[in-house]
Each structure stands twice: as structure tokens, then as C-alpha cells.
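A short write-up of the structure that comes next.
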Amino acid sequence: STVYNRSSGLTNSRLVKRPSLFYLVSEVKSSDVGTALHYLLEAASAFGDVPSYRYDVVDLTRQYLSDVFDEKQKELVDAYNSADKEEVKLLNSYLQKILVDMDQLLESNEYFLLGKWIQDAERWAESKEETVLYRFNAINQLTQWGPAHTVLNDYAGKQWSGMVGDYYLKRWELFADRIEW
């Protein structure tokens, strides 16, 4: 089992899915990704100025945080099912902190920005109407992937700054308010 060979059914982190009291177990442990991240960071003195290295540091750190999020979300479900109110509150807070930290991390690299995705889509427009349409489509692709009430919600979820801090975090905050007694 590696981060490139996931057969458990969990193909994207729970953080980009609608919050729920359901989870799939990932075969990848955050500690495995954390070990790889540790080795990658040891190369900072030699490669810290190389753009592809900096991209990899952000991407692997994002993956690590994502895997930690999934593990903590499972703990949240277990705490909720055990009616452990204090643990539910603590884990909700922890999950939200991961999302805040991840958004700040992703903000540090141009390839992980929602704003860049939207601007790139708008650049194709030749009129004001097309600008509005292309902006809508760029956002819709990441969130609903079609008309309202589609079954493909979050189909193309992305762990990008702007999505994590402004969209996924808000959903998890609302979810926390609903499940805390």
C-alpha cells in the first residue's frame, strides 16, 4: 500500500466531501506521509530555491494534513457514536484548525490558488457575459459539477487556498454546530 495505490475506496480526503458521520478507512497512514515529508524537508538547504522542490513541499505537506484530517474525522465519528461531548468538541476544533493551517500553506504557492483557477477561466472570455459564465462554470465544476441537486457534488473537489479556507472550512463549521450538543 502506498499513497499512489489506494484501493480502500477513499480517493480524496474527507475534507473536500460534505461533512458527515460516515467515514472510509484509508490504507495510508499520516505517519507514512509524515516520514516522507521529513526526508523531503531535510533537502531544503540544497533545493530550497528550486520552484519544483517548493511545490513538492507544499503538496506533500498538504497530503500529510489531509491524511491527519481523515484520521481525526474517524475519531470524531467514534467520539460522537460514544456520546463523548468533550471529545467531539475538541476534535471539531482540531479539524477546523487543520483546515485553517492548510489554507495558509496552500496560499504560499501559486499552483494551489482558487483565485488563479478562476482568473484563468475568465481570461478566455470575450465579453462580459462570457466572463460571468466562465467564472460560474469554474466554480461550479469544483463544487456542484452541474445543476442544483446533482449527485456529483464535490466530484472535482480541490485542496486549494480559497476552497479550503472559504468553502470547506465553512461547511465543517456548520457541521460542528449541528453535531455538538
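The values are calculated or read from the model by the stated rules, or taken from the named source; none is laboratory data. Everything numeric in this text was worked out from a predicted model, so none of it was measured. Every residue, glycine as well, gets a Cβ built from its backbone with ideal geometry; the counts of neighbours run over all protein chains shown. What goes into the accessible areas is simple: the full protein's heavy atoms, side chains included, and nothing from ligands, DNA or RNA. Shrake-Rupley method; radii C 1.70, N 1.55, O 1.52, S 1.80 Å.
Counting 0.36 nm for each residue step from K29 to Q104 and taking away their Cα separation leaves a gain of 24.7 nm. Cα convex hull, region 29-127: 132 Å³ per residue, rounded to a whole number. Here V77 sits with roughly 0 square angstrom of accessible surface, probe radius 1.4 Å. Approximating the spin labels as points 7 Å out from Cα along Cα→Cβ, the W145-to-Y111 distance works out to 2.3 nm.
The calculated FRET efficiency for V50 paired with E122, based on their beta-carbon distance and R0 = 30 Å, is about 0.45. By definition, a body whose alpha carbon gyration tensor gives a ≥ b ≥ c is prolate when a/c is 1.5 or more and a/b is larger than b/c, and region 111-181 fits this prolate description. Karplus-derived 3J(HN,Hα) values for region 164-173, using 6.51 cos²θ - 1.76 cosθ + 1.60 with θ = phi - 60°, are 5, x, 9, 10, 5, 4, 4, 5, 5, 5 Hz; glycine and proline are entered as x.
Taking all protein chains as they are arranged and a probe of 1.4 Å, the heavy atoms of R171 leave approximately 40 Å² accessible to solvent. Stokes-Einstein diffusion for the chain, with the hydrodynamic radius set to the Kirkwood value over Cα pairs and evaluated at 37 °C in a medium of 0.692 mPa s, equals 184 µm²/s. Using a probe radius of 1.4 angstrom, the carbon and sulfur fraction of the accessible surface of the chain is 54%.
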